[in-house]
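Reading through the structure tokens given below for one structure.
The values are calculated or read from the model by the stated rules, or taken from the named source; none is laboratory data. Values in this document were obtained by computation on a predicted structure and should not be read as measured data. When we count neighbours, we look across all protein chains shown, and the Cβ atoms used for this are built from the backbone with ideal geometry, even at glycine. Ligands, DNA and RNA are excluded from the accessible area calculation, which covers all protein heavy atoms including side chains. Shrake-Rupley method; radii C 1.70, N 1.55, O 1.52, S 1.80 Å.
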Amino acid sequence: MKSQDLSIIIYSCWRNRDMWDIFSTLFRKYWSDCPYPILLVTDEYQQMDKQYVFTQVIQKNDTWAKMIKEAIQQAKTPYVSLWMDDYLLCDAVQNSDIEKQLKRAVKANAANIRLIESPKCYGHWKNQRNIGYYKRGEAYSLNTQVGIWNSDYLLRTLKDEWSAWDFERIASLDKTVDKTAENQPILVALDYIFPYEEGVRKGKWMQQGAKLCKRNGIAIDTKVRPIMTNMEMAKIFFQGAVLDWNANLVLKVQNMLAHGKRVK
């Protein structure tokens, strides 16, 4: 039996189909007894000669927000977990750990409970040392890191034209975006870290993703996706350190620069 409370939604596209087999191989190894439906939402899908871990495939060639909303509506579960196709499991997942966080989300009527603290949270929620919270209108208060989302909240909040970039970098700074959800906190588990690696960024393998595949005997085609150089990885780590220092300032500058590019 599959859980009726939570679904996992994997956002992808046909261009990234090389990730589907890698994702599935690692998912089966590290979460073989996952009780939740796993939905792939992609702009295109053709029958492949491979057995993926997905229990349902949803085809919709549209904006990120519309694709996510369509997947939520088809999932028909009160909570969903949003993933990208390059979120690769790197250690065993225990169902009891996920159920614990899901119960927290239900009890708190949370809009979201993040399963990794990124960026650093604002403080402890209601003086509970194992649960943190994010303030609305702060950088990355809305975030696509692995977590558990209230489905109704997302359906009500997501604007059809949004990309994932808009959701994280523009909407998170807008205090009016989810003004109907004042009693739905945005939380983060401080006593649990979900075991996954971001494998790819900007079309290239991050070094930790490539090492994860090698460790698990998974061959990757570096002609399709080259592995980042040490300099490229150092740049990412530097950006992360700056983000931890002052996430709001960094995000505002990024948004301003992006706006300038659009205007040009």
Any hit, region 227-234, residues being modelled with pLDDT under 65 and among the aliphatic types (A, V, I, L, M): no
Region 196-218: number of residues that are within 20 Å of Ser12 (Cβ to Cβ) and surrounded by fewer than 11 Cβ atoms within 10 Å (Cβ to Cβ): 2
Within region 211-239, tally of residues that are of a type in the set (S, T, N, Q) and not in a loop (DSSP other than H, G, I, E, B): 2
Region 124-176, subset under 13 Å from Val188 (Cα atoms) and of a type in the set (A, V, I, L, M), residue nearest to the chain's Cα centre (by Cα): Val146
Tally of residues being open to solvent by 30 Å² or more (accessible area, probe 1.4 Å), touching a Phe, Trp or Tyr at 6+ places or on another chain (Cβ under 8 Å) and part of a helix (DSSP H, G or I) across region 150-164: 0
Cβ-Cβ under 6 Å pairs, at least 6 apart or on other chains, region 91-120 side closer than 15 Å to Thr77 by Cα, far side in a helix (DSSP H, G or I): Ala111/Tyr153; Ala111/Ala181
Within region 200-224, tally of residues that are closer than 24 Å to Thr144 by Cβ, at pLDDT below 95 and either touching a strand residue (DSSP E or B) at 6+ places or on another chain (Cβ under 6 Å) or among the charged types (D, E, K, R) (or both): 2
Residues of region 26-41 satisfying the condition of being under 18 Å from Cys213 (Cα atoms) and either modelled with pLDDT under 95 or not in a helix (DSSP H, G or I) (or both): Trp31, Ser32
Some residue of region 11-23 being assigned to a loop (DSSP other than H, G, I, E, B) and more than 19 Å from the chain's Cα centre (by Cα): no
